[in-house]
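K.L.:
The following block contains the structure, expressed as structure tokens.
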Amino acid sequence: MPAGVRLLKLYMVPLAPNPTKVMLYIAEREALGTSLSIEQVVVNTLKGRQREPEHLARNPFGTLPVLELDDGSYIMESRAVVGYLEDKFPEGALLGAAPEERGHASDVERVCDVRVLALLGGYVHATKSPLGLPANPEKAAEIEKSLQTPLDYLEALLGDGRPLLLVDRVTPADCTLAAGLQFLRWAEGDLMGDRPNLRAWDARYRARESVQAVLKW
């Protein structure tokens, strides 16, 4: 790296779904041959490091991940981090090149993010919160009910036998869904029900050599 050029830094915590989806994205890009040169820095949320002044200076909301750019500024939202990396390193971008490709890939990723990962995060914190939040069975049941339609959508999407969510190439949608399901597995939860296509996708994605160092559960 040229003198005076700073590495990008990703402030993250393993297991947490939003940092994990970015970590999976980075792992997939690098497996495909793109060197992103990103230093990954753990912020220990179990010890409350995300609420300390050093991290709040990066992100006043105290959340993760945060990407520190080479100019010293920060991007604080996971989808924006992925979008920035897609634009900064466009060769081999996971969303694809054509507008139609990018549109479909972004659409499925949005479903996985807002309608699945966010709800899975709420479910875990209502059942076995790593932050020690009290259990809330009523909220967990409500979330489980809300997950049925998006999980049915994904099951149908995979019904043609495609190996990945966007047929035969990995996209951010795969990273996002895998991050949410890992968080659920950590909490010993299983909400996939009788959805063989989704279960088969989950097994295939977890077996990818590119993600072995990121997915621990």
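Only the coordinates and a few stated rules stand behind these numbers; no lab work does. Just so it is clear, the structure is predicted and the values come from calculations on it, not from any experiment. Neighbour counts are summed over all protein chains in view; Cβ atoms, including those assigned to glycine, are modelled from backbone coordinates with ideal geometry.
K.L.:
Along the charge dipole of the stretch 41-159, pointing to its positive end and built from +1/-1 on Cβ of Lys, Arg, Asp and Glu, which listed residue (Leu157, Leu147, Tyr74) has its Cα farthest out?
P.N.:
Positive-end residue among those listed: Leu147.
K.L.:
Using 0.36 nm per residue, how much length does the chain from Leu36 to Tyr74 gain when fully extended, once their Cα-Cα distance is taken away?
P.N.:
Between Leu36 and Tyr74, full extension yields 12.0 nm more.
K.L.:
Only Cα pairs within less than 10 Å get springs; with that Gaussian network setup on the chain, which residue of Asn18, Asn59, Asn44 has the largest fluctuation?
P.N.:
Asn44
K.L.:
Let me ask something else. What order, most packed first, do the peptides 206-214, 24-32 have when packing is the mean number of other Cβ atoms within 10 Å of each residue? Before the final figure, lay out each step's value.
P.N.:
Numbers: 206-214: 14.4, 24-32: 19.9.
Highest mean packing first, the order is 24-32, 206-214.
K.L.:
What is the packing order of peptides 162-168, 95-101, taking the mean over residues of other C-beta atoms within 10 Å and listing the highest first?
P.N.:
162-168, 95-101
K.L.:
Full extension from Lys47 to Val167: what is 0.36 nm times the residue separation minus their Cα-Cα distance, to one decimal in nm?
P.N.:
Gain on stretching Lys47 to Val167: 39.1 nm.
K.L.:
For the stretch 1-143, max minus min Cα coordinate along each principal axis, in Å, sorted largest first?
P.N.:
The principal-axis extents, from largest down, are 51, 40, 24 Å.
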